[in-house]
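Input: a single structure, listed below in structure tokens.
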Amino acid sequence: MADKEHIIIESGDAVQPFKYSVGMHGSKFFTELRDNRRFMGLKCHKCGKVYVPPRGVCGECFVEMKDWIEVGPLGVIGTFTILRFAFIDPETGHQKPVPYGYGFIKFDGADTLFQHYISVEDEKKIKVGARVEPVFSKNPKGSIRDIEYFKVID
Amino acid sequence: MDRAAIIGVGMTKIEKAKVGETFADMAWEAVNKALADAGMTIDDIDNVVTTSSDFWDGRTISCMAVGDASGAAHKNVSCVEGDGTYGAFYGMTRSISGSYKTTLVTGHSKGSQSVSSLITNAAFDPIYERGLGMDMVTACAMQARAYMHRTKTTPEQVAMVSVKNHGNAQKNPLSQLPMKLTVNDVLKSEMVADPLHKLDCSPVSDGCAAVIIAHESVAAKFKQKPVWIKGVSFCADSFFFGDRDLSRAKSLTEAAQKAYAMAGIKDPKKEIDLAEVYDAFTYQELMWLEEMGLADDATAGKLLEKGEFNIDGRLPVNASGGLLSGHPVIAAGLYSMAAVVKQLRGDAGGYQVKKAKTGLVHGVNGLGGQSHCVWILDKDK
């Protein structure tokens, strides 16, 4: 029997560009990161939890947060993975070279985990609890990519 | 509170790519199967809830596009964006609201038509997370690492979930990936994102499932044996993944405890006969079981090794093959619900478990289990 022919309609090259407001908390975070290489979090006055990335509301307490706290820049790996399968990079539309490390970093002074790349130069050193430092971009633009990656310093 | 029962279920076969069918074609099949199962016609249905995701469907207001094929013409139809168990929750509340008696709930998706990692990437925060390429597999790999680190669960134990569920799927004709595997097969499969191998991950799938939920006053009016909803609850956790203890699922513990309390269950380990839990990834089955109190903390891997979660074990888990053997996102929780309904009616065929009076259904919505929906179903009212 001959193979069935399937008629498919493709979505084509049209895209829906979108502009996301980073809000007043994101503005502070990215300005400090870009201009001063500082990481800023917000502390809940009720439960004391320090949130990085910062956002306006502590969901647990349902209160507005206004107390800015500097955290890091050093921290520890909360958990991590090493990507070995090439996914499409949403920034470029191309496959990202593998392997690369992806982790959750707990900055000194923060209570939440902050996600970013982890250098896989020495895979054996990448462990839960390992100390890390950020490596900053030489050409900061005020985005999450102003940090290139974190690297283990143990 | 008034009571409700599930009186009909219908599902398409789960497949890698239903190239020959539109969303509406899948809905037509599942809805008619559910009506036939219940012994109803579309005129016996007084309202409809459809469940879908606009991103997965590649269109806005995706729910309404399946309305005609779901028999929604001239009826009150409403939509839920999330797992099918959440659509069913809304459907149940409508059936006991006093305004309606019989709700048809559907859920559909086709993972085959898009690039899954870009779809799940788009669920993450666009300001801090999305640009780094975070997607569901990456997120769950980190959750797997956190869970295995805390509980000392081994890669071999995690791999056994894949062996068990793909093995169970051999008894389920609707399943996409029935496979006879060994632990070694899983551990030797391609490493996707440490510690997750390819066979630790559920596949990309297409499918549609439908359930019919009736008020107690009409539950026995049609031909099918009603399966009673004894308890149900859902709870949500923080949106940002990094705000949570990734090795835990606090909102699942809360949802399960509320569902147990509603159903009058005091000792879930003894009173629940079988469970279908959201095994999008192997480690999740073990983690969810512990967080629901169906296994003691950090013991699920060991209990699995002893065979306790096999079809003939103390608590059969994912006897249908689970989502590892076919994972149509959104529809997934309704497939699990239908599998438990069939078990409690004694209609599960090859994957029927011996003692099936009380069953648990678990649905997940959001990233790495941001929110959980737990149902306790029972053969008896």
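The values are calculated or read from the model by the stated rules, or taken from the named source; none is laboratory data. These numbers come from a predicted model, not from an experiment. FYI the Cβ positions are ideal-geometry reconstructions off the backbone, even for glycines, and counts take in every protein chain you see. Heads up: the accessible areas ignore ligands, DNA and RNA and are worked out on the full protein's heavy atoms, side chains in. Shrake-Rupley method; radii C 1.70, N 1.55, O 1.52, S 1.80 Å.
Being surrounded by fewer than 21 Cβ atoms within 10 Å (Cβ to Cβ), assigned to a loop (DSSP other than H, G, I, E, B) and within 11 Å of another protein chain (Cβ to nearest Cβ) is the requirement here; does residue B:126 meet it? First the steps, then the outcome.
Values: surrounded by fewer than 21 Cβ atoms within 10 Å (Cβ to Cβ): yes; assigned to a loop (DSSP other than H, G, I, E, B): yes; within 11 Å of another protein chain (Cβ to nearest Cβ): yes.
In short, yes.
Within the range B:75-87, identify whether any single residue is open to solvent by 20 Å² or more (accessible area, probe 1.4 Å), within 14 Å of chain A (Cβ to nearest Cβ) and basic (Lys, Arg), and answer yes or no.
Checked the range B:75-87: no residue is open to solvent by 20 Å² or more (accessible area, probe 1.4 Å), within 14 Å of chain A (Cβ to nearest Cβ) and basic (Lys, Arg).
Quick check on the range A:30-45. Is at least one of its residues open to solvent by 80 Å² or more (accessible area, probe 1.4 Å), over 17 Å from residue A:73 (Cβ atoms) and charged (D, E, K, R)?
No, the range A:30-45 contains no residue that is open to solvent by 80 Å² or more (accessible area, probe 1.4 Å), over 17 Å from residue A:73 (Cβ atoms) and charged (D, E, K, R).
Go through A:128, A:120, A:132 for me and flag whichever is within 8 Å of another protein chain (Cβ to nearest Cβ), over 13 Å from the mean Cα position of the chain (by Cα) and touching a residue at least 24 places away in the same chain (Cβ under 8 Å). Can you show your working first?
Working: A:120 fails: within 8 Å of another protein chain (Cβ to nearest Cβ); A:132 fails: within 8 Å of another protein chain (Cβ to nearest Cβ).
Within the list A:128, A:120, A:132, the selection yields A:128.
Across the range B:149-173, which residue is farthest from the other protein chains (Cβ to nearest Cβ) among those that are surrounded by fewer than 22 Cβ atoms within 10 Å (Cβ to Cβ) and closer than 18 Å to residue B:297 by Cβ?
Per the criteria, the residue is B:157.
Quick check, is residue B:234 within 22 Å of residue B:96 (Cβ to Cβ), of a type outside the set (Ser, Thr, Tyr), crowded, with 21+ Cβ neighbours inside 10 Å and more than 14 Å from every other protein chain (Cβ to nearest Cβ)? Can you show your working first?
Values: within 22 Å of residue B:96 (Cβ to Cβ): yes; of a type outside the set (Ser, Thr, Tyr): yes; crowded, with 21+ Cβ neighbours inside 10 Å: yes; more than 14 Å from every other protein chain (Cβ to nearest Cβ): yes.
It is true that residue B:234 is within 22 Å of residue B:96 (Cβ to Cβ), of a type outside the set (Ser, Thr, Tyr), crowded, with 21+ Cβ neighbours inside 10 Å and more than 14 Å from every other protein chain (Cβ to nearest Cβ).
Of the residues B:272, B:212, which single one is touching a residue at least 12 places away in the same chain (Cβ under 8 Å), touching a Leu at 6+ places or on another chain (Cβ under 9 Å) and closer than 26 Å to residue B:304 by Cα?
On the way: B:212 fails: closer than 26 Å to residue B:304 by Cα.
Within the list B:272, B:212, the selection yields B:272.
Which condition number does residue B:265 fail, the rest of (1) out of contact with any Asp or Glu (no Cβ under 6 Å at 6 or more places or on another chain); (2) over 30 Å from residue B:33 (Cα atoms) being met?
(1)
Could you give every pair whose Cβ atoms fall below 6 Å, whose first residue belongs to the range A:77-95 and is at the interface with chain B (Cβ under 9 Å from one of its Cβ atoms) and free of Cβ contacts under 8 Å to residues at least 24 places away in the same chain, and whose second residue is in a strand (DSSP E or B) and among the hydrophobic types (A, V, I, L, M, F, W, C), counting only separations of at least 6 or pairs across chains?
Listed by first residue and then by second, the contacts come to A:81/B:193; A:83/B:193; A:84/B:191; A:85/B:192.
Taking only pairs six or more apart or across chains, which ones have beta-carbon atoms under 7 Å, a first residue in the range A:4-32 that is touching a residue at least 24 places away in the same chain (Cβ under 8 Å), and a second residue that is among the polar types (S, T, N, Q)?
The qualifying pairs are A:30/A:143.
Taking residue B:201 as the residue in question, decide whether it is within 14 Å of chain A (Cβ to nearest Cβ), in contact with a His (Cβ under 7 Å, 6 or more places away or on another chain) and of a type outside the set (A, V, I, L, M). Spell out how you get there, then give the answer.
Details: within 14 Å of chain A (Cβ to nearest Cβ): yes; in contact with a His (Cβ under 7 Å, 6 or more places away or on another chain): no; of a type outside the set (A, V, I, L, M): yes.
When the stated conditions are applied, residue B:201 does not pass them.
Report yes if some residue within the range A:135-152 is open to solvent by less than 10 Å² (accessible area, probe 1.4 Å), of a type in the set (S, T, N, Q), in contact (Cβ under 8 Å) with a residue 24 or more places away in the chain and part of a loop (DSSP other than H, G, I, E, B); otherwise report no.
No: the range A:135-152 contains no residue that is open to solvent by less than 10 Å² (accessible area, probe 1.4 Å), of a type in the set (S, T, N, Q), in contact (Cβ under 8 Å) with a residue 24 or more places away in the chain and part of a loop (DSSP other than H, G, I, E, B).
Scan the range B:27-50 and tell me whether some residue there is within 14 Å of chain A (Cβ to nearest Cβ) and either touching a residue at least 24 places away in the same chain (Cβ under 8 Å) or among the hydrophobic types (A, V, I, L, M, F, W, C) (or both).
Pass one, the range B:27-50, residues within 14 Å of chain A (Cβ to nearest Cβ): none.
Within the range B:27-50, not a single residue is within 14 Å of chain A (Cβ to nearest Cβ) and either touching a residue at least 24 places away in the same chain (Cβ under 8 Å) or among the hydrophobic types (A, V, I, L, M, F, W, C) (or both).
Take the residues in the range B:16-62 that are basic (Lys, Arg) and farther than 15 Å from residue B:205 by Cβ; name whichever of them is modelled with the highest pLDDT. Reasoning before the result, please.
Kept after step one, since they are basic (Lys, Arg), are these residues of the range B:16-62: B:16, B:18, B:33, B:59.
Keeping just the survivors that are farther than 15 Å from residue B:205 by Cβ gives B:33, B:59.
Numbers: B:33: 98, B:59: 91.
Going through the qualifying residues, I end up with B:33.
Testing residue B:18 on (1) surrounded by fewer than 20 Cβ atoms within 10 Å (Cβ to Cβ); (2) among the basic types (Lys, Arg); (3) within 14 Å of chain A (Cβ to nearest Cβ), one condition comes back false. Which one is that?
Going through (1) surrounded by fewer than 20 Cβ atoms within 10 Å (Cβ to Cβ); (2) among the basic types (Lys, Arg); (3) within 14 Å of chain A (Cβ to nearest Cβ) one by one, residue B:18 breaks only (1).
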